[in-house]
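Here is the structure we will look at.
Only the coordinates and a few stated rules stand behind these numbers; no lab work does. Being a predicted model, the structure only gives us computed values, none of them experimental. As a convention, Cβ positions derive from the backbone with ideal geometry for all residues, glycine included, and neighbour counts pool all protein chains shown.
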Amino acid sequence: MRTAASRLRARSSTPLDPDAAWRLPWVSTWLDLATRNVASFTWKLQVNTTLSQRCGIEMWGYPKTLERIEVAEDDDAVRFSMFMDDQLVFRYSVEPKGGESPEPMTADVYSIFEGAPHVGQLRQAYRDMSVRLRGGSLELGGHAMADELRALGVGPRPLMSTWAGHRAFEMSAPEKL
């Protein structure tokens, strides 16, 4: 007979369906966001300028690749599209409206720099920001990275969407762990 823990482990190893009756895997993410206990590990980061690619690689060790990123705006939405190998990876649409100005947030950011794990601090400040439950839409394309996102359970209606009308950030130098 399977225990509740073994059923949960079996469920957590399959792609998450945000419309499923069980939502336990999302609880820890919500709690971390609410308490500003957020860290990230960057294993892939796409940028659209050579300067940002070189700075990320040479200064912080981030694995940045140069890709085509397009932004289109009309009265109702802003659409961000990313292409790799001339194939659509994703197109994210969100309403460009917000009025929040939360306190600046600092998060640990992990990377591999000069062959060793490092941590840096990313301090971010936002103005004209909004956070909406189920407020954006996401279209996944035909590129292999879109398949990676599908395998993680990413679907057409993100659980949460954000808009940041203005953003400023600072990044500390990486420190070896």
(request) For segment 162-177, just list the computed ³J(HN,Hα) in residue order, Karplus coefficients 6.51, -1.76 and 1.60, θ = phi - 60°, integers in Hz, with x standing in for Gly and Pro. (result) 10, 9, 10, x, 9, 9, 10, 8, 10, 10, 6, 5, x, 10, 5, 7
(request) Evaluate the Debye formula for segment 38-176 with equal point scatterers sitting on the alpha carbons, no solvent, and hand back log10 of I(q)/I(0) at q = 0.11, 0.14 Å⁻¹, in q order, two decimals. (result) -0.48, -0.80
(request) Quick one: what are the phi-derived ³J(HN,Hα) couplings along segment 86-91, Karplus 6.51/-1.76/1.60 with θ = phi - 60°, whole Hz, x for glycine and proline? (result) 6, 10, 5, 8, 7, 9
(message) Once you place label points 7 Å from the Cα toward the Cβ at Ala168 and Glu67, how far apart are they in nm?
(response) 2.9
(message) Taking 8 Å as the Cα distance limit and 6 or more residues as the minimum spacing, I'd like the relative contact order of segment 59-177 as a percentage.
(response) 28
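Multiplying the sequence separation of Trp43 and Leu159 by 0.36 nm and subtracting their Cα-Cα distance, what value in nm do you get? Walk me through the numbers on the way to the answer.
Numbers: separation 116, 0.36 × 116 = 41.76 nm, distance 2.24 nm.
39.5 nm is the gain from fully extending Trp43 to Leu159.
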(request) Kindly give Rg over Rh for segment 94-143, based on alpha-carbon atoms, with the Kirkwood expression for the hydrodynamic radius. (result) 1.14
(request) Could you pull out every residue, at least 5 positions away or on a different chain, whose amide H is within less than 5 Å of the one on Tyr62? Hs are placed 1.01 Å off N in the peptide plane, and Pro or chain starts have none. (result) Ile57
